[in-house]
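This report refers to the structure that appears directly beneath it.
The values are calculated or read from the model by the stated rules, or taken from the named source; none is laboratory data. The shown structure was predicted, so the numbers you read here are calculated from the model rather than taken from an experiment. All Cβ positions, even for glycine, are placed from backbone atoms using ideal geometry, and neighbour counts span all protein chains on display. Remember, those area values only see protein heavy atoms, side chains included, never the ligands or the DNA or RNA. Shrake-Rupley method; radii C 1.70, N 1.55, O 1.52, S 1.80 Å.
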Amino acid sequence: MTSAVNGPAAAEAEASLRADARENRQKILAAARHLFATKGIDVPMSAIAREAEVGMATLYRRFPTRQDLLIEVFAEQFAQCAAIVEAALADPDAWRGLCTAVEGLAAMQAEDHGFSAAFVGRLPQASMVAEKLRQGVAGFQQLIHRAKNSGRLRRDFTFDDLALVLMANSGVVQNAPNSTAAASKRLVGYLLDAFRTDGTPRRPLPPPVPTDLTRVAFPSTPR
């Protein structure tokens, strides 16, 4: 008799706990995604717990390490990166494919500066991320090779120049908080124009973006 009464009640309680766990997990991921994007990936775990309105024990029960949390938060971006490269490789126009991939990666960086920091700095030690990184590198190498063979990418361009693009774009992300996306597009437009051969038709640059030169040149100057 006791078993018959307690069975359904126990099952309902377990289902409720599972629902609470799922809700807490989603709250943690949403909070981490927001804080990584706005504050950077070194934001304290305690700040993430406060933002999610959960206790530290709950946070660490769901994500034992910061790396576990980073991987989960940026899983969607990893998939998006792979999709960008795959779409670029599928483009029969090699130069357009390369431009599309560079623009797409820079746009992701401009949208969420925490992603690029996590991808190139904190996460390559994780096997899943290391494999994604290897695939991304191989894809971009292939894009570069195709664009050179098409005669539209300058011969002295190397994969390391992609890092220069992201480094420069990172400066835009940090110094143009009110117009990051537009400023990033303008910068990448200039850089891609520098990478093309003289015989490659110029593409119109994205519109100019008003900037605060004083803020950039003298960041510590009181205003």
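Listed peptides 19-27, 183-191 appear in the order 183-191, 19-27 once ranked by packing, highest mean of other Cβ atoms within 10 Å at the front. Couplings for segment 190-195, taken from phi via the Karplus curve 6.51 cos²θ - 1.76 cosθ + 1.60 with θ = phi - 60°, read 4, 5, 5, 5, 6, 7 Hz in order; Gly and Pro are left as x.
Counting only protein heavy atoms and a probe of 1.4 Å, the accessible surface of segment 133-188 is 55% carbon and sulfur. Return the carbon/sulfur percentage of the accessible area of segment 61-109, one whole number, probe 1.4 Å, all protein chains in place. It is 54 percent, rounded to a whole number. For L89 and R154, the difference between the fully extended length at 0.36 nm per residue and the C-alpha to C-alpha distance is 21.5 nm. On the basis of the beta-carbon distance and an R0 of 45 Å, R61 and T197 show a calculated FRET efficiency of 0.20. Here the extension length gained between H145 and D68 equals 24.2 nm, from 0.36 nm per residue of separation less the Cα-Cα distance.
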